[in-house]
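Peer 1: Before I ask anything, let me first share the structure, which is written out below as C-alpha cells.
The values are calculated or read from the model by the stated rules, or taken from the named source; none is laboratory data. Nothing here was measured: the structure is a model prediction, and the numbers come from that model. Note that we place each Cβ from the backbone using ideal geometry, even for glycine, and neighbour counts take in every protein chain shown. Protein only, heavy atoms only, side chains kept; ligands, DNA and RNA dropped before computing areas. Shrake-Rupley method; radii C 1.70, N 1.55, O 1.52, S 1.80 Å.
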Amino acid sequence: MNAGTGGLPSASALLGSADQLQSDLRKLLKNPNVDPFSREVSNLRQQLRDTYEQIIFSDIDLALSKDVEANVWKIAHYRFIEEFRKKVKTISNNAKQRGGSSRALSQEERQQMRILTASFRSFLTEANGFYLSFIQKMTHRFDLERVERIVLQKLDVVFSTGARRGETIGPAMQTKALMVCHRALIFLGDLSRYREIHADKKEKNWALAKSFYELALRLVPTNGNPFNQLAVIDTYEGDELGAVECYFRSLVIQQPFPTAMENLALLFRKARGKAEGGKEAEPARTDAYSDFVKEFIVLHSYVFGKDVSLDRFSSAKSAFLGKFMDLLKSQQFPPELLTRLFIINFGAAHLIHTAVAAAEKGQDDSSNEEGRLHGSVVQKVEDNNTPESGQKRRMVPQKANARTKTSAKVLASRQASVPKIKEDLTLEQKKEIGKNLVLLSIDMACPVFTAVAELAQHNRIDGMDEGSAFAKMLVVVKIIGRWLLERAREGQEE
C-alpha cells in the first residue's frame with residue numbers, strides 16, 4: 001500500500017513532507033514570544049497532523065514502524081499541552097519574582113492567563129474532535145466491525161458507509177488498526193481529563209474521561225494502560241483503594257503497563273508518609289471504613305513500598321486483622337469492599353510470585369512468565385460480543401463499568417512482560433514477602449468463612465435474591481476458596 005495511486009503521493013513521500021513540517025513547527029515554537037495557539041502555529045500543526053493521518057491510511061505498517069501514530073499525539077497534541085504548562089509556569093514565576101506568591105498576579109498577567117486558558121480549552125476541544133473523527137475514519141478504512149460495535153455505537157457516532165479502497169484488509173492489518181483506535185481512545189480520555197482540570201468550576205466531573213478509558217478497556221481487555229488512567233482519576237477523587245486496585249489490575253494483565261508500578265509505589269509512599277507523619281492532607285471522612293482502608297493500604301506499602309519491612313508488615317498486620325474481624329462481626333461489612341481487598345491481595349501475591357519464578361529461572365523480572373495468575377479471582381464475564389445492556393454486573397463495585405471486562409481467562413494468560421518490583425530484593429526476601437501475602441489472605445479468609453456460616457443460619461440459599469448481601473458474600477467466599485485451593489496445590493507441587 002506504499003505506492004501512490006491516482007496521482008496521490010506515496011507514504012514515503014508523505015513522510016518526507018511530515019519531516020519538513022515537523023522541523024518548521026519546531027523552529028517556530030523555539031521562539032519564546034510565539035503564541036503556541038496562534039493561527040500560524042495552529043495551521044502548521046494541523047497540516048502536519050493531516051499529513052501523519054494520510055500516512056497511516058496509506059501504509060499503516062510504515063506508519064507504525066516510523067512512530068507516525070505516536071507522533072500524532074506527541075508532536076501535534078501533547079507538545080502543545082506542554083507549551084501551555086510552560087506559559088502558565090512563566091507567568092506564575094514572574095509573579096513570584098516580584099516577591100509575591102504564584103497566585104498574586106497583576107491585572108495584566110490575569111488577562112494573559114485568561115486568554116491563554118481560553119485558547120488552551122479551544123485547542124483541547126478541537127483535538128477531541130480530531131480523534132473522534134480519526135477513529136471513525138480508521139473504522140471505515142480498515143473495516144473494523146469491533147470498533148464500530150463497541151465504540152462508535154456507544155458514542156453515537158455516525159459510521160461512514162462510503163466505498164473503501166479495493167485492497168483486501170487482512171486480520172493482521174485490522175489488529176494493528178484496532179490497537180491504533182485503542183490508543184486514540186486513551187488519548188481522548190486524557191484530553192477530557194485535561195479539559196476538566198482546567199475547567200472554570202470547583203466541582204470536577206470525570207465521567208467523560210472515564211468513559212473513554214472504559215471504552216479502550218472494552219475494545220482491548222488485555223491491555224493495562226486504561227486501568228492506569230482510571231487509577232489516576234481515582235486519585236483525583238480521593239479513592240485511594242480504587243487507585244491501588246486499578247494499578248494492580250494494570251500490572252496483572254496480559255499486556256501490563258509498567259508505569260503503573262511506579263505510580264503504585266508513589267501512592268504507597270505517600271500513604272505511608274501520611275500515616276507515619278500524622279499528616280492529614282484531606283478532610284476526615286465520615287465513612288466508618290475509611291481508617292480501615294487506609295491501614296490496609298499502608299500495610300501493603302511495607303512490602304511494595306520504597307523501604308520493604310517485613311517486621312513492620314507483621315506488626316501492622318496484627319492490628320489490621322483485629323479491626324477487620326471487628327468489622328466482620330458487625331455483619332454490615334460491604335461484600336463489594338471485601339472483594340476489592342482480596343483482589344489487591346491476590347494481585348500483590350501474583351507480582352511477587354512471578355518475580356520469584358523469574359529469579360529461580362535465572363531471568364529478569366521483566367522476562368516472559370507463564371504460571372497461573374493469582375488474580376484469577378476476577379469474575380469471568382461474558383465475551384465482549386455480548387451487548388453491554390445484557391451483561392451481568394461485576395462483583396467489584398467500581399465506578400468504571402468496564403474495569404472487569406478483563407476475564408479470569410485473559411488475566412490467567414501468559415504475561416507479555418512482568419513489571420519489575422524491587423530490584424535490590426534477594427530471592428529469599430521475595431519468597432518471604434510472597435509467603436506473608438498468602439498468609440494475609442488466609443488470615444482474612446478464615447473470619448470471612450465464619451461470618452458467612454453465621455449468616456447462613458438466617459438465610460435460605462434456595463431462591464435467594466442474587467443482589468442480596470448474603471448472596472454477594474457467598475460469591476466472595478467461592479472466589480477466596482478457589483484462590484486458596486490453587487495456592488495449596490502449588491505448595492504440594494513444590
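Peer 1: Say we look at region 354-372 and pick out the residues that are open to solvent by 50 Å² or more (accessible area, probe 1.4 Å) and within 18 Å of PHE248 (Cβ to Cβ); which of these is modelled with the highest pLDDT?
Peer 2: The selected residue is SER366.
Peer 1: Which numbered condition trips up ALA216, out of (1) farther than 23 Å from ALA349 by Cβ; (2) touching a helix residue (DSSP H, G or I) at 6+ places or on another chain (Cβ under 6 Å); (3) in a loop (DSSP other than H, G, I, E, B)?
Peer 2: Evaluating ALA216 over (1) farther than 23 Å from ALA349 by Cβ; (2) touching a helix residue (DSSP H, G or I) at 6+ places or on another chain (Cβ under 6 Å); (3) in a loop (DSSP other than H, G, I, E, B) leaves (3) as the failure.
Peer 1: Let me ask something else. Filter region 221-251 down to residues that are open to solvent by 10 Å² or more (accessible area, probe 1.4 Å) and assigned to a loop (DSSP other than H, G, I, E, B) and give me whichever is nearest to VAL151 (Cα to Cα).
Peer 2: Taking the candidates together, the pick is PRO221.
Peer 1: Do any residues in region 299-323 that are open to solvent by less than 10 Å² (accessible area, probe 1.4 Å) and assigned to a helix (DSSP H, G or I) have Cβ atoms under 6 Å from those of residues that are among the acidic types (Asp, Glu) and at pLDDT 90 or above, where the two are at least six apart or on different chains, and which pairs are they?
Peer 2: PHE320/GLU295
Peer 1: Related question: Regarding region 192-204, can at least one residue be identified that is without any contact (Cβ under 8 Å) to a residue 24 or more places away in the chain, acidic (Asp, Glu), in a helix (DSSP H, G or I) and open to solvent by 20 Å² or more (accessible area, probe 1.4 Å)?
Peer 2: yes
Peer 1: Examine region 276-292 for a residue that is surrounded by 15 or more Cβ atoms within 10 Å (Cβ to Cβ) and at pLDDT 90 or above, and state whether such a residue exists.
Peer 2: The answer is yes, given that some residue of region 276-292 is surrounded by 15 or more Cβ atoms within 10 Å (Cβ to Cβ) and at pLDDT 90 or above.
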